[in-house]
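Working notes for the structure below.
The values are calculated or read from the model by the stated rules, or taken from the named source; none is laboratory data. The shown structure was predicted, so the numbers you read here are calculated from the model rather than taken from an experiment. All Cβ positions, glycine included, derive from the backbone under ideal geometry; neighbour counts span all protein chains shown. Quick note on the areas: whole protein, heavy atoms, side chains included, nothing else; ligands and nucleic acids left out. Shrake-Rupley method; radii C 1.70, N 1.55, O 1.52, S 1.80 Å.
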Amino acid sequence: MCSFEEHNLKYEDRFVKFMKTVYKVNKSQPVAVEFYLNELSNIDLLNILSCLDYKDKLLFIDQIRYLKNDSFLFLVDDEEIISFLTRLSTRELIFATFHFIQVPVSICGSFDLSFPIFFADSNGLNIYEDIARKCSLNIRDTKIIADKYKIE
């Protein structure tokens, strides 16, 4: 579970910065997050906890207590939680999908720091490409017809 250390941690701060900026661009409005914590076993939860620093362990435990057992979709209005969920995704511990509303975009945590992004229109693509560039990330494999994109 902790194989992310060599590669992913080297770039993690870029993804966290990107997500914080996206949150601010969306005027810090609550973000709908898909987070399948309810599907994890106790052993999975312990494995994730073993890969986190002290601060993130506390955030993770709070999320376990906060989320209902049958819920996988919830609203987040805290930049620290956005950063934390991003770190869980970059570390490949559990993947979250973020749905931002003001400038519509969905960002899906995935393996190998390849986060698929889905935009409502080309305007959103332009805005988020600029943010990605400022965070030393790239949006690649753009297909205007399908509106599917990835950051790396």
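Could you state the angle between the C-alpha long axis of helix 79-90 and the longest principal axis of the C-alpha atoms of the chain, as a value from 0 to 90 degrees rounded to the nearest 10? For 79-90 against the chain, the angle is about 90 degrees.
Taking θ as phi - 60° and the Karplus parameters 6.51, -1.76 and 1.60, the scalar couplings of region 21-30 work out to 5, 4, 4, 5, 4, 8, 6, 6, 6, x Hz in sequence order, x denoting glycine and proline. Region 107-141 and region 65-104 have Cα centres spaced 17 Å apart. Dividing the mean sequence gap of close Cα pairs (under 8 Å, 6+ apart) by how many residues region 6-135 holds gives a relative contact order of 33 percent. For the chain, the longest principal axis of the C-alpha atoms and the axis of helix 54-66 are separated by about 90°.
Ranking of Thr90, Thr21 by solvent-accessible surface, largest first: Thr21, Thr90 (1.4 Å probe, protein heavy atoms only, all chains present).
Here the convex hull built on the C-alpha positions of the chain has a volume of 104 cubic angstrom per residue.
The residues of region 6-135 expose, per residue, 52 Å² of accessible area to a 1.4 Å probe. Between Leu40 and Gln102, the distance separating the two model label sites (each 7 Å from Cα on the Cα→Cβ line) works out to 2.9 nm.
Projected label points at Ser110 and Leu73, each 7 Å from Cα along the beta carbon direction, are separated by 2.1 nanometres. The angle separating the long axis of helix 122-134 from the principal Cα axis of greatest extent in the chain is about 60 degrees. Computed from point charges on the beta carbon alone (+1 for Lys and Arg, -1 for Asp and Glu), the dipole magnitude for the chain about its Cα centre is near 360 Debye.
Here region 6-135 has 52 percent of its accessible surface on carbon and sulfur atoms, given a 1.4 Å probe and all protein chains in place. Spin-label model, Asn47/Ala120: points 7 Å from Cα along the beta carbon direction are separated by 3.8 nm.
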